[in-house]
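The values are calculated or read from the model by the stated rules, or taken from the named source; none is laboratory data. Being a predicted model, the structure only gives us computed values, none of them experimental. Neighbour counts run over all protein chains shown; Cβ positions are idealised from the backbone, glycine included. These accessible areas exclude ligands, DNA and RNA; they are computed on the full protein's heavy atoms, side chains included. Shrake-Rupley method; radii C 1.70, N 1.55, O 1.52, S 1.80 Å.
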Amino acid sequence: MAWRAGLSVPAEPSGAAVQVAMGQIEWAMWANEQALASGLILITGGIVATAGQFTQWYFGAYSIVAGVFICLLEYPRGKRKKGSTMERCGQKYMTKVVKLFGPLSRNYYVRAILHLGLSVPAGFLLATILGTACLAISSGIYLLAAIRGEQWTPIEYKPKERPQVGATIKQPPSNPPPRPPAEARKKLSEEEEVATGVPSGPQENPIPVTDEVV
């Protein structure tokens, strides 16, 4: 810490620390949220342009269709490399559909080019130009994620294996608790032998037995 005018001022982070922190960011997660919001903005602007019968209202109709497509594509979140990922409500159904496109949906280079291409026609209308700018930003973030080697991975949960019934059943203890100490158990057994007169150990036959061969 550097001391200035009697106050402690935290030192600025070094360039290496900033690079490490930037390397830990998963840019695809930010791009996904940005693209989903861009699709909603496109739909809203398209509805305003179409309902208001703007001069080029057909660009508004296009924005509605493009916005719906983007929202359906971006609704299922991808799995993070580290840590857990929170699913959106009902995204497992859309995940199955997005998986059908194979590399086209997993590769972020494809998504970056796709979003940039979809944003161009909507830029010719004032009501949808905000959605165009937001979608262009998400395209740039997807490009950065692709350069860093990220790709879309579906969130899939493996079914839990049910334990076998026989493996979970355990035999009850022969001497259930509470158990007295070992010395007390030994003394108790000796007292029982004295009371009953029957020793607990091996017994000897008082009459000797001999084997006679006739």
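Here Leu143 clears all of (1) modelled with pLDDT under 90; (2) assigned to a helix (DSSP H, G or I); (3) open to solvent by 70 Å² or more (accessible area, probe 1.4 Å) except the condition numbered (1).
Just the residues that are assigned to a helix (DSSP H, G or I) and open to solvent by 70 Å² or more (accessible area, probe 1.4 Å), please, taken from region 67-85.
Residues of region 67-85 that are assigned to a helix (DSSP H, G or I), as a first pass: 67-74.
Correct list: Phe69, Leu72.
If the condition is being modelled with pLDDT of 90 or more, among the hydrophobic types (A, V, I, L, M, F, W, C) and surrounded by fewer than 16 Cβ atoms within 10 Å (Cβ to Cβ), then region 89-123 contributes Ile113, Val120.
Summed over region 78-106, residues that are closer than 23 Å to Ile147 by Cα and over 20 Å from the mean Cα position of the chain (by Cα) total 4.
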